[in-house]
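Trainee: If you scroll down you'll find the structure; I have some questions about it.
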Amino acid sequence: MNHRHLRLLGATGAVAIAAVALAACASGDTPAPDPTSGESTAITVATYPVMSNAAVYIGQNEGIFADHGLDVTLQTITSGPDSIPLLLNGDLTFTSIDVPTAINAVKEDLGVVAVGAMMVGVDVDAGYVGVVTSPDSGITGWAGLEGKKVGVNALGSTPVALISASMKAVGADPSTVQWVQIAQPETIPALLAGQLDAANLAQPLLAAAEEQGFVQVGNPEQLTVPGVPTFIYVTTQAYADAHPEAVKAFQAALQEANAAANNDHALAIETAKSSTTVDPAVLDKVTGFPHWGDQPITAADLDKFIKFMIDAGQLDASTAPTGEDLLVKFN
């Protein structure tokens, strides 16, 4: 395994560490009003331009955040790790990142803490996330990815970890894979141009790829992290110390919004028609949905992912944080 994949946050670490002191000061400038008092707390929440963002848009559109005393601005990001410096300098209040990025942030002592699950792994053949390839590529399963160029949204990310573990589960060697970092919207053109042999995609881009003739190798969550949070929302401990009621209000509203998305996939599709730039006709053909995290995130949840990464050889047990280390603390 090429361990540089786990050093992703190092590219932003210098900027992030320099911003920690600023974030701590900025977060404590003004106290947040109690969400039950009738006053609104303004927060900025970063999310991705894919269908998984539907839950937070439902929370905004259906008044769920407002009911919890939150005035939410949603800001689109293309890479979770790139949002960490923005979080630390106060431009964002909460951001969604994959669990490996959160683990690296905690290892680097950046003051980032988990507040809730964005998505949880699903145990189905074809889910919300899938690895796709051309039908004439000769790749018919996880072992077929050996030696191939595989597109992922970020090196050292959840897709790399899950695809690697899926390959190991069938006796294949993921160290031979040529990982290519590429933004999700650029992935299908790269596949069409032959610049990638396969790629990890989330809905609705997964459905769009299938519309163009690509086929799924498999769902990388199925053999690895079913029922385990894969993407989470984080804030800084400094913000939580200064505004505990706002963080608790966000946690409660997030679970409610996620439950609404889980219970009404038609609403999730309709919401994604305005929360993404994907062709509505493609969205109507989506059949694989995420499981949005509608339960409180726990240390045990995060410990499962940490153990998975250690077992997969992608995290050193001697330096790995615990799930408790990742969770937000309230005084």
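Laboratory data are not the source of any read-out in this text; all were calculated from the coordinates shown. Keep in mind it's a predicted model, so treat the numbers as computed, not measured. Note that each Cβ is placed from the backbone with ideal geometry, even for glycine, and that neighbours are counted across all protein chains shown.
Trainee: How far apart, in nm, are two points set 7 Å out from the Cα along the Cα-to-Cβ line at Asn331 and at Thr176?
Mentor: 5.7
Trainee: What value, in deg cm²/dmol to 500, does the helix sum -39500 (n - 2.57) over DSSP H runs of n ≥ 4 give at 222 nm once divided by the residues of the chain? If you can, show how the numbers build up before the last one.
Mentor: Working: 14 runs with 134 residues, N = 331.
After summing the helix terms and dividing by the residues of the chain, the value is -11500 deg cm²/dmol.
Trainee: What area, in nm² and to one decimal, does the C-alpha convex hull of the stretch 195-254 cast on average over all directions? Can you show the working numbers first?
Mentor: Values: hull surface 27.8 nm².
Taking a quarter of the hull surface, the average projection is 6.9 nm².
Trainee: As an exercise, take the mean of 1/r over every pair of distinct alpha carbons in the stretch 129-218, invert it, and state the Kirkwood radius in angstroms.
Mentor: The Cα-based Kirkwood calculation yields 12.6 Å.
Trainee: Nearest 5 is fine: what % of DSSP beta bridges in the chain come out antiparallel, could you say? Spell out each step's value before the answer.
Mentor: Working: 21 of 38 bridges.
Antiparallel bridges: around 55 percent, rounded to the nearest 5.
Trainee: Something else about it: Using label points projected 7 Å from each Cα along Cα→Cβ, tell me how many nm separate Ala42 and Ile310, to one decimal.
Mentor: My value for the distance between the label points is 4.4 nm.
Trainee: Then there is this: What do you get for the angle between helix 158-169 and the principal long axis of the chain? Use alpha-carbon atoms, 0 to 90 degrees, nearest ten.
Mentor: Once rounded, one gets 40 degrees.
Trainee: Straight-line reach only, C-alpha to C-alpha below 18 angstrom: list the lysines that Lys107 could link to, leaving out same-chain residues fewer than 8 apart.
Mentor: Here the lysines satisfying the reach criterion relative to Lys107 are Lys304, Lys307, Lys329.
Trainee: Identify the residues of the stretch 151-190 with backbone N under 19 Å of a label point that sits 7 angstrom from the Cα of Gln212 along the Cα-to-Cβ direction, or state none.
Mentor: Residues 151-154, 180-190 fall inside that zone.
Trainee: Fully extended, how many nm does the chain gain between Thr78 and Asp136 (0.36 nm per residue separation, minus their Cα-Cα distance)? Walk me through the numbers before you get to the answer.
Mentor: Values: separation 58, 0.36 × 58 = 20.88 nm, distance 3.01 nm.
Gain on stretching Thr78 to Asp136: 17.9 nm.
Trainee: Right, another one. Go from 0 up to the bin containing the longest alpha carbon distance in the stretch 188-331, width 5 Å each, and give me the % of pairs per bin.
Mentor: Binned Cα distances yield the sequence 2, 8, 13, 15, 16, 15, 14, 10, 5, 1, 0.
Trainee: For the chain, max minus min Cα coordinate along each principal axis, in Å, sorted largest first?
Mentor: Answer, in whole Å and largest first: 60, 47, 31 Å.
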